[in-house]
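A.B. asks: Sending over a structure as structure tokens; questions will come in a sec.
The values are calculated or read from the model by the stated rules, or taken from the named source; none is laboratory data. What you see is a predicted model, and the numbers here were worked out from it, not measured in a lab. We place every Cβ from the backbone using ideal geometry, glycine too, and count neighbours over all the protein chains shown. Side chains included, ligands, DNA and RNA excluded: accessible areas come from the protein's heavy atoms. Shrake-Rupley method; radii C 1.70, N 1.55, O 1.52, S 1.80 Å.
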Amino acid sequence: MAPDIHMSEPLCLIENIEEKLVVKQEALRILSALTQPVVVVAVVGLYRTGKSYLMNKLAGKQKGFSVGSTVQSHTKGIWMWCVPHPEKPDHTLVLLDTEGLGDVEKVNKKNEAQIFALAILLSSTLVYNTMNKIDQGAIDLLHNVAELTDLLRTRNSPDVNEIEDNGDLVSFFPDLVWTLRDFYLSLETDGKLITPDEYLENSLKLKEGSSERIQNFNFPRLCIKKLFPKKKCFIFDSPADKKTLSQLEKLHDDELYPEFVQQVAEFCSYILSHSMAKTLPGGITVNGPRLESLAQTYVDAINSGDLPCMENSVLTLVQRENLGAVQKAVAHYDQQMGQKVQLPTDTLQELLDLHRACEREAMEIFTKNSFKDENQSFQKELQTLLDTKQHDICEQNKKASLERCLTLLQDIFGPLEEEVKQSIYFKPGGHNLFLQKMEMLKAQYYQQPRKGPQAEEVLQNYLTSKQSVSDAVLHTDQALTAKEKEKEEARQKAEAQRVEANRLAAIARENQRIMQEKERLHQQQVRQMEIERANFLAQQQREQERRLREEAERQRALAEAQLRRQKEELERLRNYNPPHDDCILL
């Protein structure tokens, strides 16, 4: 049961219908969801002694288990209340309230022993609730444990002393908490105060002697001491005055006697802090599903008349737990393979790798959920199942691969087969075309993904089946090619002659073109020479004219210069004034 799932009230775990025990499926469903270790506290004792009240206090509730106020027994069978453990994280406290012993309305007292036995078998702490004091009647009532040494024996032995040697049997028994209700005695002996625990030990002391009377006295005490090595005793005063006891579950603590309230608090504190998780021989911690299996196994054994042997019960639990672990592992493998595998896989190795990964996870699931698979028989069974599943999925992969490849061949090579039917390749050279087309389609087939391990085999089988078609195309190609070859040779000869004639004509045309080109070039050269000569003469003419112009210009410039000199001289003479002396001399 997850921490956030609580039972709001108790429900019947084992119903006692006409003194026949029936396990209630609703209670088993609740136990099956309890993944945490369970601390199982069961209460047994005479009816109408306030057992249910103590269980309600352990649950931390004012009411829950039925608390009656009449002389009629209320609780029938065994009722269960699962609550989160208030002091042990990740543990669940399972409280079992049993049908009261000593019911005067009961016909079959053996049925009481069966209820008592189940309380011991299922609990990790047994609260034995009696009235007033520890007397012979209370011890004789617990003497049912002596009968349980037969019910719970792991080997046939009438000697009670061998209980001490049976370690598994002793370790399997719950811790014993003896509660004394409405205790009125003084806790002292020989004038000294003693504790409730010392009072219990004194009450269980053996007497010396070997008489039958002493043996009868010692036998139940010996059983209690040996089978319950860990014992605790609590005493309770009366809760309140008799007028209000009928409304006990409705009374608040301030309406009860303070001593009683304190005693109940100490009892609850001890139970919650000291009660351990239920374990089985071999150190197997019990959780909800294992407690469910134990309850069903013990009740089935009792109803069938068999003795509920611990070894058989543990073996049944081992088988159930390990079968469940195998089922969980296989379910996980199937889930993972279903999610990760898409058939067909490209290669067989890819499928095997996925199988091995899921197989490892499945083995981890099994290891986590299994226990005491000492000879690894369940692990071997799981391995066999996984090997079978590997073989099956490989076969499925081959089948899926075959189907996909056949579909691909039909899609890819179907058009080629249709072309063959239309005789497209039954012609000279058709076989080469057919082979080229086949190679192209094979390449297209190889490019398709997820063909699976049958890809090559299916293709080769197909190609083999089509070899007769290829041979037929080749035969037709060869037959038609022989005739076509003669025609082709004649055509090629005629073509060669035509090509040769064309070649000669082309040569003649080329020679004529060359002669014409030479003539054209000659005429062009003549014309060019004439043009160059005319240009040369014209250039000479222009050069001669230029020189004449330059000479004329030079002569003109000389004449102009001479004229200027003459004018300058004349002007100089005109402006000349001779000196006076000279005039006289003249």
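A.B. asks: Determine whether the stretch 348-358 contains at least one residue that is crowded, with 18+ Cβ neighbours inside 10 Å and charged (D, E, K, R).
C.D. replies: No; the residues of the stretch 348-358 include none that is crowded, with 18+ Cβ neighbours inside 10 Å and charged (D, E, K, R).
A.B. asks: Given the options Asn577, Asn535, Asn502, name the one that is without any contact (Cβ under 8 Å) to a residue 60 or more places away in the chain and not in a helix (DSSP H, G or I).
C.D. replies: Asn577
A.B. asks: Val318: assigned to a helix (DSSP H, G or I) and surrounded by 20 or more Cβ atoms within 10 Å (Cβ to Cβ), yes or no?
C.D. replies: When the stated conditions are applied, Val318 passes them.
A.B. asks: For the stretch 1-60, which strands (runs of 3 or more DSSP E) that fit wholly inside it have 1 or more residues that are in contact (Cβ under 8 Å) with a residue 40 or more places away in the chain and surrounded by 24 or more Cβ atoms within 10 Å (Cβ to Cβ)?
C.D. replies: 11-17, 38-45
A.B. asks: Something else now. Please go through the stretch 186-232 and pick out each residue that is of a type in the set (D, E, K, R) and in a helix (DSSP H, G or I).
C.D. replies: Asp197, Glu198, Glu201, Glu212, Arg213, Arg221, Lys225, Lys226, listed by residue number.
A.B. asks: Go through the stretch 229-245 and report how many residues are under 16 Å from Leu142 (Cα atoms) and at pLDDT below 85.
C.D. replies: 1
A.B. asks: Counting just the residues of the stretch 185-215 that are open to solvent by 100 Å² or more (accessible area, probe 1.4 Å) and closer than 24 Å to Phe173 by Cα, which one comes out modelled with the lowest pLDDT?
C.D. replies: The qualifying residue modelled with the lowest pLDDT is Gln215.
A.B. asks: Which members of the stretch 341-376 meet the condition of being in contact (Cβ under 8 Å) with a residue 24 or more places away in the chain, over 17 Å from the mean Cα position of the chain (by Cα) and within 22 Å of Leu317 (Cβ to Cβ)?
C.D. replies: Ser370, Phe371, Lys372, Asp373
A.B. asks: Output the residue which, of all residues in the stretch 471-520 that are of a type in the set (Asp, Glu) and open to solvent by 70 Å² or more (accessible area, probe 1.4 Å), is farthest from Gly430 (Cα to Cα).
C.D. replies: Checked the stretch 471-520; the qualifying residue farthest from Gly430 (Cα to Cα) is Glu519.
A.B. asks: Touching a residue at least 60 places away in the same chain (Cβ under 8 Å), of a type in the set (Phe, Trp, Tyr) and out of contact with any Leu (no Cβ under 6 Å at 6 or more places or on another chain): which single residue out of Phe260, Phe267, Phe234 fits that description?
C.D. replies: Going through Phe260, Phe267, Phe234 in turn, just one is touching a residue at least 60 places away in the same chain (Cβ under 8 Å), of a type in the set (Phe, Trp, Tyr) and out of contact with any Leu (no Cβ under 6 Å at 6 or more places or on another chain): Phe267.
A.B. asks: Moving on to the next point. Among Gln383, Gln436, Gln410, which is open to solvent by 50 Å² or more (accessible area, probe 1.4 Å), within 29 Å of Asn322 (Cα to Cα), assigned to a helix (DSSP H, G or I) and not hydrophobic (A, V, I, L, M, F, W, C)?
C.D. replies: Answer to the selection: Gln383.
A.B. asks: Filter the stretch 284-296 for residues that are more than 30 Å from the chain's Cα centre (by Cα) and crowded, with 22+ Cβ neighbours inside 10 Å; which is modelled with the highest pLDDT?
C.D. replies: For the stretch 284-296, the residue satisfying everything is Ala295.
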